[in-house]
Amino acid sequence: MSFATAVDVRNVVTNVVKHICKKFSLPVDIRPHTMRYSKAMATYGSDKPDIRFESRIHAANGWFSSSVISKLTTLENPIVEVMKVEMEGASPDKVSAFIRSFLDNPTSLTYTSNPAGMPGVAVYGSNQPLQGLASFEHTGAARVQEQLNPQPGDLLIVQTRPRGKLRGGSTPLGNMRRDIHEAAVQQGLIKAPERGLKLLWVVDFPLFSPLEESEPGQGGIAEFCSTHHPFTAPKPGQRLSELITNPLRVIGDHYDLVINGVEVGGGSRRIHTADMQELVFRDVLKMKAERIEDFRHLLNALGSGCPPHAGFALGFDRLIALMTETQSVRDVIAFPKTADGEDKFAGSPSPLTPEQLATYHLQTA
């Protein structure tokens, strides 16, 4: 959309999704929630949280003694977080058996072998010493009861992580939140979320992120890369000088649509001037000259005059899976592919005939 803000695009997409939901007779939020990336990560441990259930993460530094923390991690001065999982009145004995089984499952190895620390788990129950919170010691148990007001059967999980700004798509505690809830629903300990779609716009992502070994970035020699891609514009109202002086503080005008904990699409307001785009390539990401030339067609187009613009793309298969309340996108893909990338239904990919090439004025080398 030309001359559109991020809010304009989000409003259009929200209305489109609501219209589709009516066709499927699905309940949907009248007004979707909007949440900053930093809050989503700190409160839910995910940039695509399922907000249909609570289980929020709380900062808990100072709640527990050093002896409690030392049993969980070898990190010095870690960030400490605690999460309450409401078990909706399930008995403490059943919940204790459930969480033991959950953590003993091989799929939970990523949690029990977390190098930043193993989870400290307790089940609240009035018949146990310190109401089941003895592993947190007196001070920690009192603080948990005061701040979180647990009920009999509720799960309390303490997790440590290294100090530093949250980044990426999720934290171990955020993933555990998702997996515990799913497992508890499957075992009938808690109710499944009510039917319908809960829309959440996640906004204000960092424009740049530190480089990770698994993600080479955009080929620049800077120690960071674009969080999404190098064409996203900075959010208005920021000092653009920080693109050079402190790029990791700059917020991008990017937005993701999350429905029931599934990211179904993303979009952004784009850089629309050649000078700004080349500055990001050359002076921020520090791309080599030959790499910048790969984008010369884009720079030339922007230099010819380009209006401010913003857009969005839906993951169609993921959206339809949600609309049809299907667990896997494999059940709704119109033209599924085999492992070798072939579409057996349409017989593609296949060589183009001379007649097909002539239609589009193409020729092969």
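Nothing in this text is a laboratory measurement; each read-out follows from the coordinates by a stated rule. The structure presented is a predicted model; accordingly, all values stated were derived computationally and were not measured. With ideal geometry, Cβ positions are generated from the backbone for all residues, glycine too; neighbour counts draw on all protein chains shown.
Listed values, structure above:
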{"quantity": "Full-extension gain in nm, Glu146 to Thr5, via 0.36 nm per residue minus C-alpha separation", "calculated": "46.4 nm"}
{"quantity": "DSSP loop GluC sites (Glu not before Pro) with at most 14 other Cβ within 10 Å: longest gap in the chain", "calculated": "89-193"}
{"quantity": "Label-point gap, in nm, between Ala339 and Glu325 - each point 7 angstrom along Cα→Cβ", "calculated": "3.4 nm"}
{"quantity": "Shape of region 17-102, Cα gyration tensor, a/c cut at 1.5", "calculated": "oblate"}
{"quantity": "Mean Cα-pair separation over length for the chain, i.e. relative contact order, pairs under 8 Å, 6 or more apart, %", "calculated": "20 percent"}
{"quantity": "Loop sites in region 168-260: trypsin sites (Lys or Arg not before Pro), DSSP, at most 11 other Cβ within 10 Å", "calculated": "Lys191, Arg195, Arg239"}
{"quantity": "Relative contact order for region 189-308, counting Cα pairs under 8 Å that sit 6 or more residues apart, in percent", "calculated": "28 percent"}
{"quantity": "Mean Cα-pair separation over length for region 53-186, i.e. relative contact order, pairs under 8 Å, 6 or more apart, %", "calculated": "35 percent"}
{"quantity": "Translational D in µm²/s for the chain (Stokes-Einstein at 37 °C, 0.692 mPa s, Kirkwood Rh from C-alpha pairs)", "calculated": "138 µm²/s"}
{"quantity": "Gained length - Tyr360 relative to Ala134, 0.36 nm times residue gap less alpha-carbon distance", "calculated": "74.0 nm"}
{"quantity": "Per-pair calculated FRET efficiency, R0 = 41 Å: Ser38 and Val185 via Cβ, rounded to 0.05", "calculated": "0.90"}
{"quantity": "Spin-label pair Glu212/Arg282, simplified geometry with 7 Å Cα→Cβ offset, distance in nm", "calculated": "3.2 nm"}
{"quantity": "When each of Lys165/Lys235; Lys39/Lys337; Lys191/Lys235; Lys48/Lys337 is checked by Cα-Cα distance, pairs over 31 Å", "calculated": "Lys39/Lys337; Lys191/Lys235"}
{"quantity": "Spin-label zone in region 303-323 - amide nitrogen under 18 Å from a point set 7 Å from the Cα of Ser25 along the C-beta vector", "calculated": "322-323"}
{"quantity": "Anchor Lys18: aspartates and glutamates whose Cα lies under 20 Å away (excluding residues fewer than 8 positions away in-chain)", "calculated": "Asp8, Asp29, Asp50, Glu194, Asp256, Glu263, Asp317, Glu325"}
{"quantity": "Global form of region 148-256, assessed from the alpha-carbon gyration tensor, a/c cut-off 1.5", "calculated": "prolate"}
{"quantity": "Residue order, fewest to most beta carbons within 10 Å, for Ser55, Ser96", "calculated": "Ser96, Ser55"}
{"quantity": "Stretch gain in nm, segment Arg249-Lys165, where the contour uses 0.36 nm per residue and the Cα spacing is subtracted", "calculated": "29.2 nm"}
{"quantity": "Whether region 53-186 is rounded, prolate or oblate, judged on the alpha carbon gyration tensor where a/c under 1.5 counts as rounded", "calculated": "oblate"}
{"quantity": "Cα-based reach from Lys94 at 17 Å (exclusive), listing aspartates and glutamates while leaving out same-chain residues under 8 positions away", "calculated": "Glu86, Asp104, Asp154, Glu182"}
{"quantity": "Virtual spin-label span in nm between Asp294 and Asp104, 7 Å along Cα→Cβ", "calculated": "5.1 nm"}
